[in-house]
Amino acid sequence: MKVPRSSFNKLKVFVMVTISCILLASPFLAGAADYPKKPVSIIVTYGAGGGTDVIFRAASSVIHQYWGQPLIVINKPGAGGTVGASFAAKANPDGYTLLAALQGPLIINPLQVKVDYSIENFEPLVQLVSAPQILVANVKTPWRNAKEMIEYAKSNPGKVKLGTTGFGNLPHLMTLRLQELTAAKFTIIPFKGNAPARKEVLAGHIDGLISVMQDASYVKAGSLKGLAVLANERFPGLDVPTFAEQGYPEMVADVWWGVAALKGTPEPVKAKIVETFEKVANDKSFKSMMKKMEMPIVYLGPTDFENKCKKLQDFFPGFVESMGLLKK
């Protein structure tokens, strides 16, 4: 049967368009299939030695065996994590620059200060670690628990000096919350991350700090006092009462650490990142390191992690406004 010339021409055009589409798509498909073909950077928005830094350096020590390339930790501290988040937001959405995701830089801080990015610039992929916060103090302070510290602060306004890991982030907000709930008056001093704040507590230059659970290792070693855990229940293996036990049930807050990619990162690349970090979360060596650091692995995949972020996006505007820090 003879094919009409018009039909043949249409078929020819269709085949040519199809081949062109395949050729155009092939570099993308190849790039996704062999991702990563070079080192991947992850932007840590706090300084070296802090909780965020140690988690992702631990991840970087095992991840190469799963995707054959190193994970390079780049510290960009400052302004409560917004300096690093802003830096990451300007990267290409190719999967070679990731963000160490925390609620402070992603969700809380943009409510308070003008920044040139938002959470909409990123796609939360996985949560790796989540832990309650802990109030620690210098060993020479006279208080055995948070209640005694609070009573002293009430009688001696401004004399208790508490550090925070930055201005406007979760530890700072919870320090302000403690002040509001108790009518105590603290001198609150922000630092560029947990490590420099802890250093000042250890040296006795400030009295205490609402810190990450990583500092429970210092409590166990006897170099810091644990005054209260910001959780509904005591932290396993740690003889430190909760704030709830001491009469302040509203003082509950966890810090989480995850991984976010730039909006527009190809789906196959994101899938590879998720797959790899799930392997990291289940890696025996990584688990051992997190256990030693008192940092519980609480893995969430993309859907659950994104839903968690959305809930916090709904919650924090009212909370930040109640602290008087919502930007005008």
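If you filter the range 94-122 down to residues that are without any contact (Cβ under 8 Å) to a residue 40 or more places away in the chain and surrounded by fewer than 17 Cβ atoms within 10 Å (Cβ to Cβ), you find that the one that is farthest from T52 (Cα to Cα) is D116. When S60, S41, S86, S26 are checked against the criterion of being at pLDDT below 95 and more than 14 Å from the chain's Cα centre (by Cα), a single residue qualifies: S26.
Is one or more of the residues making up the range 278-288 in a loop (DSSP other than H, G, I, E, B) and within 22 Å of G81 (Cα to Cα)? For the range 278-288, residues in a loop (DSSP other than H, G, I, E, B) and within 22 Å of G81 (Cα to Cα): absent. For the range 231-239, the condition holds for no residue, the condition being that it is polar (S, T, N, Q), surrounded by 18 or more Cβ atoms within 10 Å (Cβ to Cβ) and out of contact with any Gly (no Cβ under 6 Å at 6 or more places or on another chain). All of (1) farther than 28 Å from P296 by Cα; (2) modelled with pLDDT of 90 or more hold for I74 with one exception: (1). A91 passes every criterion in (1) touching a residue at least 60 places away in the same chain (Cβ under 8 Å); (2) crowded, with 20+ Cβ neighbours inside 10 Å apart from (2).
Looking at the range 41-81 only, could you name the residues that are in a strand (DSSP E or B) and touching a Pro at 6+ places or on another chain (Cβ under 9 Å)? Across the range 41-81, the qualifying residues are V44, L71, I72. Provide a single number: the residues in the range 87-125 that are of a type outside the set (D, E), in a loop (DSSP other than H, G, I, E, B) and out of contact with any Phe, Trp or Tyr (no Cβ under 7 Å at 6 or more places or on another chain). Matching residues across the range 87-125 total 11. Six or more apart or on different chains, Cβ under 6 Å: which pairs go from a residue in the range 296-316 that's closer than 27 Å to G237 by Cβ and modelled with pLDDT of 95 or more to one that's assigned to a helix (DSSP H, G or I) and not aromatic (F, W, Y)? Could you list them? Every condition considered, the pairs that remain are I297/A281; I297/M290; Y299/A281. Of the residues making up the range 190-205, those that are in contact with a strand residue (DSSP E or B) (Cβ under 9 Å, 6 or more places away or on another chain), surrounded by fewer than 22 Cβ atoms within 10 Å (Cβ to Cβ) and modelled with pLDDT of 95 or more are E200, L202, A203, G204, H205. For the range 168-189, the set of residues classified as surrounded by fewer than 17 Cβ atoms within 10 Å (Cβ to Cβ) and in contact with a Phe, Trp or Tyr (Cβ under 8 Å, 6 or more places away or on another chain) consists of L181 only.
The values are calculated or read from the model by the stated rules, or taken from the named source; none is laboratory data. None of these values were measured; they are calculated from a predicted model. As a convention, Cβ positions derive from the backbone with ideal geometry for all residues, glycine included, and neighbour counts pool all protein chains shown.
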